[in-house]
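Enquirer: Sharing a structure with you now.
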Amino acid sequence: MGVLEKIKEIEAEMERTQKNKATNYHLGTLKAKLAKLRNDLLIEQGGSGGGPSEGFDVARLGDARVALMGFPSVGKSTLLGALTETESEAAAYEFTTLTCVPGTMHYKGSRVQILDLPGIIEGAAHGKGRGREVIACARNADAILMVLDAGKEGLNRHREILEKELETVGIRLNKRPPDVVFRKKTSGGIRFSSTVKLTKLGPDPEKLAMQILREYRVANAEFLAREDITVDELVDVIVGNRTYKPCLYLYNKIDTVTIEEVNELARMPHSIVGSVNQNFNIGGPLEDDLLKSRLWEYLGLTRVYTKRKGQAPDLEEPVVLSKIRKGTTVKSLCFNVSTQMARDFNYALVWGRSAKHSPQRCGINHDLLDQDVVQIVTKTNNQQKQDKNYQKMVQGFSDAYHKKKFDAKKRKQGRLKT
């Protein structure tokens, strides 16, 4: 029996099994087996590839990256043109876009890379319709914009199908990693503990956790749960290769449905309704609209203006920080500007909403808010000399200087010989 047949058999057994306290242990074991088989199937299918597929290997540019996902002919290519001025082929037939088409959205001084991906179908997680390549691009994005057809959603349940496909490959939408500590050890057996009462793992959570760990052949580990987790979250922690992405659902073509249906779709969680053709909630590339503002919110972007001592702040070109990538602290700002600035950091003067008073003297771990003004003050020469790594740093600069001088001399000698 192949892996796919085993997966279908376990799914059928889970559908037949009633959900109650008596069957919770059995269902938990089945979920663990199902997750393990799916992971094995993905490894087996991924191992046959020979590197990135042609047309999907796009360089990472800008302050953030958003992947447009959805079924064919829902308006992704038209939406890309409305957001970025990039022309992507759009037509009345399905599968117009066959490769990844990138574009850049300019909003509030930031540059957000938008990827128009080919439409995916049910079974994409197992490779149907180039589904593996599309999902791999989505995995590397900072956020996902799921484009859905408002006129077809009620009948076809496209949102539910797409969520299931991404769930199968380990992408969790609008969720955060469970607050659980899991460490594998070489000896000592399994130590299971929790700081809260675990009500979602049945009457005996430790027994269920031990069975799932045995399913993954983990004999020695330390497990500490700091929140009430479910069986699925327990499996995710043990597997360890899950990706957590913010996702915004856009119901396009609302001009084709009734106002009652629009109202129902707009009230769904993490959702926004609009129409690209009618410019409803979706404006032009340089216009401020509801879709761009919601994307900005989901990406967690923050504008920070820098200031030199004795000069006015530079309000023309902000430094855009991202919570998803490097964070929005003063430390992230220093690394964004220069690694040398982070190394020589002394303190920061902050004006803005994150400061209790203006200016506020802050440390390197201070959290910045949108449109804050920051002046970085570095260490003086005497302060740098007191650093325990000062001699090592000076030696490194000296070695780099002499190496550069030696290489230049060698190149000159080579030119003279020729």
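Residue-by-condition table, conditions (1) open to solvent by 30 Å² or more (accessible area, probe 1.4 Å); (2) modelled with pLDDT under 90:
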residue	(1), (2)
Gly300	no, no
Gly327	no, no
Ser338	yes, yes
Phe345	no, no
Lys356	yes, no
Pro359	yes, no
His366	yes, no
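Enquirer: If you don't mind, another one. Could you list all residues from the stretch 368-397 that are at negative phi, modelled with pLDDT of 90 or more and either in a loop (DSSP other than H, G, I, E, B) or not aliphatic (A, V, I, L, M) (or both)?
Expert: Leu368, Leu369, Asp370, Asp372, Gln375, Thr378
Enquirer: Here's something else I'd like to know. Does the stretch 302-319 contain at least one residue that is out of contact with any His (no Cβ under 7 Å at 6 or more places or on another chain), open to solvent by less than 30 Å² (accessible area, probe 1.4 Å) and over 30 Å from Asn365 (Cβ atoms)?
Expert: Within the stretch 302-319 (the criterion being out of contact with any His (no Cβ under 7 Å at 6 or more places or on another chain), open to solvent by less than 30 Å² (accessible area, probe 1.4 Å) and over 30 Å from Asn365 (Cβ atoms)), the answer is no, since none of the residues qualifies.
Enquirer: Among the residues of the stretch 193-201, is any open to solvent by 60 Å² or more (accessible area, probe 1.4 Å), basic (Lys, Arg) and closer than 30 Å to Met69 by Cβ?
Expert: Scanning the stretch 193-201, I find at least one residue that is open to solvent by 60 Å² or more (accessible area, probe 1.4 Å), basic (Lys, Arg) and closer than 30 Å to Met69 by Cβ, so the answer is yes.
Enquirer: If you don't mind, another one. Can you name every residue in the stretch 280-329 that is small (Gly, Ala, Ser), in contact with an Asp or Glu (Cβ under 9 Å, 6 or more places away or on another chain) and over 20 Å from Ala355 (Cα atoms)? Can you show your working first?
Expert: Initial filter on the stretch 280-329 (small (Gly, Ala, Ser)): 283-284, 293, 300, 310, 312, 322, 327.
Checking which are in contact with an Asp or Glu (Cβ under 9 Å, 6 or more places away or on another chain) leaves us with 283-284, 300, 322, 327.
Gly283, Gly284 - these are the residues of the stretch 280-329 that are small (Gly, Ala, Ser), in contact with an Asp or Glu (Cβ under 9 Å, 6 or more places away or on another chain) and over 20 Å from Ala355 (Cα atoms).
Enquirer: Name the helices (runs of 4 or more DSSP H) wholly within the stretch 180-280 that hold at least 1 residues that are closer than 29 Å to Val169 by Cβ, in contact (Cβ under 8 Å) with a residue 40 or more places away in the chain and over 24 Å from the mean Cα position of the chain (by Cα)? Talk me through it step by step, then tell me what you get.
Expert: Working: elements: 205-215, 231-239, 259-266.
Counting at least 1 such residues, we get 205-215, 259-266.
Enquirer: The conditions are (1) at pLDDT 80 or above; (2) touching a Ser or Thr at 6+ places or on another chain (Cβ under 8 Å); (3) over 30 Å from Asp204 (Cβ atoms), and Thr17 fails exactly one of them. Which is it?
Expert: (3)
Conditions (1) at pLDDT below 80; (2) open to solvent by less than 10 Å² (accessible area, probe 1.4 Å), marked per residue:
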| site | (1), (2) |
| --- | --- |
| Asp57 | yes, no |
| Arg60 | no, no |
| Pro72 | no, no |
| Glu89 | yes, no |
| Tyr93 | yes, no |
| Gly123 | yes, no |
| Val134 | no, yes |
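Enquirer: While we're here: Pairs only if they're at least six apart or on different chains, beta carbon under 8 angstrom, first in the stretch 1-21 and without any contact (Cβ under 8 Å) to a residue 60 or more places away in the chain, second exposed (fewer than 10 other Cβ atoms within 10 Å of the Cβ); list them, first residue then second.
Expert: Listed pairs, sorted by first residue: Glu9/Met1.
The values are calculated or read from the model by the stated rules, or taken from the named source; none is laboratory data. Computed from a prediction, not measured in an experiment: that's the story for all the values here. So basically every Cβ, Gly included, is an ideal-geometry build from the backbone, and we count neighbours across all protein chains shown. The protein model used for the area step is the full one, side chains on, heavy atoms only, and it has no ligands, DNA or RNA in it. Shrake-Rupley method; radii C 1.70, N 1.55, O 1.52, S 1.80 Å.
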